[in-house]
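Student: This is the structure I want to talk about, given as structure tokens.
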Amino acid sequence: MSDSSFTPRVFSGIQPSGGLTLGNYLGAIKRFVSMQDEAFETVYCMVDLHAITAKFLDPATLRHNTRELAAGFIASGISPEKSILINQSQVPEHAQLAWIFNCVARMGWMQRMTQFKDKAGKNAEASSLGLFAYPALMAADILIYHATHVPVGEDQKQHLELTRDIATKFNHDFGVDFFPITEPVIEGAATRVMSLRDGAKKMSKSDPSDASRINMTDDADTIAKKIRKAKTDPDALPSEAKGLEDRPEARNLVNIYAGLADLSVDQVLAEHGGAQFGAFKPALADLAVAKLSPISGEMARLMDDVTEIDKVLARGAEQAREITAPILKKTYEIVGMVGS
Ligand code: AQP
């Protein structure tokens, strides 16, 4: 935290650009849940405005994904009584602050963002302006709450650094100490879960290959089958983490096991070192099914009647705006907008 005058507050979000993956769960949601019980106010968001930056989804699909993501949050243990749960577009101050931040961020900063380069690929010219500006909207998502801490997976580290740069520049240019310098919280054995088909690629909800990921809605058979077919090498597991260094696929499966079991990699290897994948994969599949089935069951129950989810999000938006409206008003005042 940059200043003790800021309320310890956590903000984080996930895009409803597809179904939730095990990567989202281990890299982000598990930490969202535990932070609710620490000394923080917590705000968790379905970032639907971000989900249209790569491409517009079919409107019914976007609505479904957004509600299913909210169901995933709740089923994983995020309590609407302890946390504010919102859908980004229902809290307009996110997009309003993003415009100010578009005018703070420099083109050179944005051009260095590796996620844009990865997502735009060779076709940067045809990408949307929204995809390029994505990190400035993300900075606004965080700073419109004066959030002090952001739990994220490893892949978001650079965007968090940009958020800090935007806050620093705004504070400096206007001679204020208005925005906190937010701390990323990147913790756990599985902060970067890799594709089951390619140990060099992040597990991603928009990967064209469904076999590359475990979806939080996959049933037990599908989970077991995907793990059985996961790419590995022919060697047995080592007995120490060092032995995984040049074995990305093996390391990924061990990290997933550690993340699901709340163990360190060394603890997993103390138990499974020397095992062949023929034995380790079924143990991992059993663990994954035991941990994920109750969540997918509860998600299905919540999705049966979405009125409850919609109520949670409407209430969350009201609670959120009590925080965001005064912060936007003050920002406009600092910048010099008449009427604020
Ligand atoms: N593979 C991963 N390992 C660890 N953490 C991950 N996260 C995502 N994938 C992994 C974390 O989940 C949070 C939400 O991410 P997001 O959905 O907003 O965006 P993303 O990182 O771009 O996730 P995807 O699944 O790859 O989405 P698409 O395919 O739409 O781009 C973040 O905290 C992220 O670190």
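Student: Considering each of A190, A230 in turn, give the residue that is part of a loop (DSSP other than H, G, I, E, B), more than 19 Å from G13 (Cα to Cα) and within 16 Å of the ligand (Cβ to nearest atom).
Tutor: Every option except A230 fails the conditions.
Student: While we're on this one: Based on this model, can you work out whether L20 counts as more than 16 Å from Q156 (Cα to Cα) and within 9 Å of the ligand (Cβ to nearest atom)?
Tutor: The answer is yes for L20.
Student: Output the qualifying pairs, or none if there are none: Cβ atoms under 9 angstrom, residues six or more apart or on different chains, first residue in the stretch 201-215 and without any contact (Cβ under 8 Å) to a residue 12 or more places away in the chain, second residue of a type in the set (A, V, I, L, M, F, W, C) and near the ligand (Cβ under 10 Å from one of its atoms).
Tutor: K201/M194
Student: In addition: Exactly one condition in (1) at pLDDT 95 or above; (2) under 30 Å from H146 (Cβ atoms); (3) not polar (S, T, N, Q) is not met by V289; state its number.
Tutor: Here V289 clears every test but (2).
Student: In the same structural domain as K231 (by TED's automatic domain parsing) and farther than 29 Å from I78 by Cα: which single residue out of A290, A279 fits that description?
Tutor: Answer to the check: A279.
Student: Taking the stretch 23-52 only, how many residues are of a type in the set (F, W, Y) and more than 11 Å from the ligand (Cβ to nearest atom)?
Tutor: Counting residues in the stretch 23-52 that are of a type in the set (F, W, Y) and more than 11 Å from the ligand (Cβ to nearest atom) gives 1.
Student: If you go through the stretch 91-114 one residue at a time, do you hit one that is modelled with pLDDT under 95, within 16 Å of the ligand (Cβ to nearest atom), closer than 25 Å to T331 by Cβ and within 18 Å of the chain's Cα centre (by Cα)?
Tutor: No: the stretch 91-114 contains no residue that is modelled with pLDDT under 95, within 16 Å of the ligand (Cβ to nearest atom), closer than 25 Å to T331 by Cβ and within 18 Å of the chain's Cα centre (by Cα).
Student: Further question on the same structure: Among the residues of the stretch 311-323, is there at least one that is closer than 26 Å to L97 by Cβ, of a type in the set (V, I, T) and either at pLDDT 95 or above or not in a helix (DSSP H, G or I) (or both)?
Tutor: Within the stretch 311-323, one or more residues are closer than 26 Å to L97 by Cβ, of a type in the set (V, I, T) and either at pLDDT 95 or above or not in a helix (DSSP H, G or I) (or both).
Student: Still on this structure: Residues to consider are S264, S212, S239; find the one that is within 30 Å of P16 (Cβ to Cβ) and either polar (S, T, N, Q) or surrounded by 17 or more Cβ atoms within 10 Å (Cβ to Cβ) (or both).
Tutor: Being within 30 Å of P16 (Cβ to Cβ) and either polar (S, T, N, Q) or surrounded by 17 or more Cβ atoms within 10 Å (Cβ to Cβ) (or both) holds for just one of S264, S212, S239, which is S212.
Listed here are the residues, each with its yes/no results for (1) within 24 Å of the chain's Cα centre (by Cα); (2) part of a loop (DSSP other than H, G, I, E, B); (3) of a type in the set (K, R).
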residue: D207; (1), (2), (3): yes, yes, no
residue: A211; (1), (2), (3): yes, no, no
residue: D221; (1), (2), (3): no, no, no
residue: D235; (1), (2), (3): no, yes, no
residue: K242; (1), (2), (3): no, no, yes
residue: A258; (1), (2), (3): yes, no, no
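The values are calculated or read from the model by the stated rules, or taken from the named source; none is laboratory data. It should be emphasised that the depicted structure is a prediction, and the values quoted were computed from it without experimental measurement. Positions of Cβ are backbone-derived with ideal geometry, glycine not excepted, and every protein chain shown enters the neighbour counts.
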